[in-house]
Amino acid sequence: MKTLSIIASTGLMMLGTIGLAQAQVSGTPNSPFPNAAPHEIRTINGVPCRTVLDRESGQRVPVQCAVPTGMVGLDPMATGSILVAPSAGAVVSGTPASAFPNAAPHEIRVINGVPCRTVLVQGTNERVPVECAR
């Protein structure tokens, strides 16, 4: 009976540890996203990413991901926390006078009215912004 109680206690402690590790993806000083609220974090193919709500689509889009080599993406403040409309008719990529002259059209995403150049997060099919027009 004593052995069964020890095994059960150990199992419960392990479950608690796993839950604690998952909960610390955001909101604690040592987490990848210390200033993020829990609802802002999405795990995409095992990669934790911070998201913002895109007002136009109503969906959360990743803006920063914690990959094994470090962080990829921008601070959410750069991706449309303040709504800024791009200039009408302005070319966003591919021309010398554009906001992103060296970017391919598929690299551009508009997040909350702000055009951003994005990169693909390895191991996922998600793109995160690395530079946004101001």
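Computed values, structure above
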item: Residues of segment 29-52 satisfying the condition of being out of contact with any strand residue (DSSP E or B) (no Cβ under 9 Å at 6 or more places or on another chain) and surrounded by fewer than 11 Cβ atoms within 10 Å (Cβ to Cβ); result: Pro29, Asn30, Gly46
item: Test set (1) touching a Pro at 6+ places or on another chain (Cβ under 9 Å); (2) more than 29 Å from Pro34 (Cα to Cα); (3) modelled with pLDDT of 75 or more - Ala90 fails condition number; result: (3)
item: Filtered residues of segment 31-72 (kept if farther than 16 Å from Asn112 by Cα, of a type outside the set (Phe, Trp, Tyr), under 12 Å from the mean Cα position of the chain (by Cα) and part of a strand (DSSP E or B)); result: Ile41, Arg42, Thr43, Ile44, Val47, Pro48, Cys49, Cys65, Ala66, Val67, Met71, Val72
item: Where a residue in segment 52-74 is more than 12 Å from Ala36 (Cβ to Cβ) and its partner, wherever it lies, is polar (S, T, N, Q) and in a loop (DSSP other than H, G, I, E, B), with Cβ under 7 Å and at least six apart; result: Asp54/Asn112; Arg55/Asn112; Val67/Gln122
item: Number of the exception - Thr69 against (1) modelled with pLDDT of 85 or more; (2) surrounded by fewer than 18 Cβ atoms within 10 Å (Cβ to Cβ); result: (1)
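Here is a yes/no grid of residues against (1) within 13 Å of the chain's Cα centre (by Cα); (2) modelled with pLDDT under 75:
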site	(1), (2)
Asp75	yes, yes
Ala85	no, yes
Asn102	no, no
Val110	no, no
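The values are calculated or read from the model by the stated rules, or taken from the named source; none is laboratory data. Quantities reported herein were computed from a predicted structural model and do not represent experimental measurements. With ideal geometry, Cβ positions are generated from the backbone for all residues, glycine too; neighbour counts draw on all protein chains shown.
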